[in-house]
Structure formats: C-alpha cells, structure tokens
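Data first, discussion second: the structure below is written as structure tokens.
The values are calculated or read from the model by the stated rules, or taken from the named source; none is laboratory data. Note that the coordinates shown come from a computational prediction; the quantities given were computed from them, not determined experimentally. Note that each Cβ is placed from the backbone with ideal geometry, even for glycine, and that neighbours are counted across all protein chains shown. To get the accessible areas, we keep the full protein, side chains included, count just its heavy atoms, and leave off ligands, DNA and RNA. Shrake-Rupley method; radii C 1.70, N 1.55, O 1.52, S 1.80 Å.
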Amino acid sequence: VAALGTQSRGALIAIVAMAAMLWWRNRNKALFGVLIAIIGIGIVAFMPSTWESRMMSITEYEQDGSAMGRINAWWMAWNLAKANFAGGGFDIYDPGVFQAYAPNPTDVHAAHSIYFQVLGEHGFFGLILFVGIWISVWRTAGTIRRIPRDDPATSWVADLGSMCQVGLVGYLVGGMFLSLAYFDLPYNVLVLVVAGKRWLEEVRSAEKAS
C-alpha cells in the first residue's frame, strides 16, 4: 500500500511482477489469482484519482516529459559508456555531460534505471559485474529453495530462498525504471541468501560428522 501510495509507476510494475511470480509458484493458482485480484482492487479503490491518471500514462510515454527525459538519460549513459569503457563515475548528471553525450543536451535527468545508472557510471564492465552479482544471488537462492522440505529444522531455508527470489524479481523488474542501483534492501537479500546457504552447509556438515 505504501509503495503504491508513492504513485511510482516503477513500484506498480515491480508489485505486478512479484504478484505474478507468487501466482506462478502457487499450487492453487485459481484461488490465489482470485485473492490477488480482490486485494488489488481493494487497494486501488483507496488510491486518489491522480494515481490512476499517472499509472495510465505508462502507455503514453511519448507525451510524458518525465518518461522522455529518462530515455534521453538512457541514451546519454549508452553513449558515455561507448566512449569511456569504465564509465563516467558518480557525477555524470550535469549539463556538461549531457551536452557531450545526450540526444537532447538540455534535458538533464537521472537515469531512473538501475541498469543504465550502472552503465553510465561504471561502463559496460561495471554493468556486467552488476548483473552478474544478481544472477549469482538468484542461482544461490534457487539452490537453497530446492532442498527437501521434509525436515522442519531446515525447511525454512527453502522458504527463504523462494521468497528472496520473489523480492529479487521486484527489484530487477521495477529497477528498470528506478534509480536504485545502490538501494540497501537488495544487498540485504544478498546477505540473507549467502548466510542461508552457509548455514545449510554447516548443518549438513555437522550431520555427516555425527
């Protein structure tokens, strides 16, 4: 509710992506789908009229100055990365940089995308490392998600891995339209996944030793 109340279109896309993944993994898809629809309708009913008009602007981005400014910033990041392998650093959102690399040099915007943010600031190599981190986290979460659930002492780790993947979907999909490359929460998820895998390895090692 709080995320939707910000009237962030990226937040809406992230929530929809997470709900879709929860539905996909649910055994009773029909009942869960109805539940999601009821909750969604109930939440939207409490949103102000400005919320609906802002969300509808997703399909009309050509007339949205904010959206076009983001696209301009994406092109700036792309052109900057092509010209500078290591990117331009953290201070690239100023008129001088846009004058050199943006299609519209007078429209200075933040990237509003974790991918183009990292691309502009750290170049193609930095983007590869960034994406590689989250692929690794996803795979590790998938590993602990697939452990047998017949042991109550370790079954919670499988649930942890599964829900961490759901959270990552929200970050990686919503992040396409938000400047949150350094937002701390996904890195907390990273730590949870690594700690969960490490804990599971220690438990299994202790079981073998006994």
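Numbers for the structure displayed
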quantity	calculated
Residue ranges of helices (runs of 4 or more DSSP H) in the stretch 91-210 with at least 3 members at pLDDT 95 or above and surrounded by 12 or more Cβ atoms within 10 Å (Cβ to Cβ)	114-145, 152-174, 184-209
Selection within the stretch 72-90 - in a helix (DSSP H, G or I) and open to solvent by 30 Å² or more (accessible area, probe 1.4 Å)	74, 75, 78, 79, 82, 83
Complete set of residues in the stretch 6-16 that are out of contact with any Phe, Trp or Tyr (no Cβ under 6 Å at 6 or more places or on another chain) and either of a type outside the set (A, V, I, L, M, F, W, C) or surrounded by 17 or more Cβ atoms within 10 Å (Cβ to Cβ) (or both)	6, 8, 9, 11, 12, 13, 14, 15
Residues of the stretch 142-172 satisfying the condition of being within 17 Å of residue 186 (Cβ to Cβ) and among the small types (Gly, Ala, Ser)	142, 161, 162, 167, 170
One residue from 45, 37, 3, 30 being within 24 Å of residue 115 (Cβ to Cβ) and open to solvent by less than 90 Å² (accessible area, probe 1.4 Å)	3
First in the stretch 172-197 and over 21 Å from residue 154 (Cα atoms), second anywhere and basic (Lys, Arg) and at pLDDT 95 or above, Cβ under 9 Å, 6 or more apart	none
Residue ranges of helices (runs of 4 or more DSSP H) in the stretch 1-61 with at least 3 members in contact (Cβ under 8 Å) with a residue 40 or more places away in the chain	9-25, 49-56
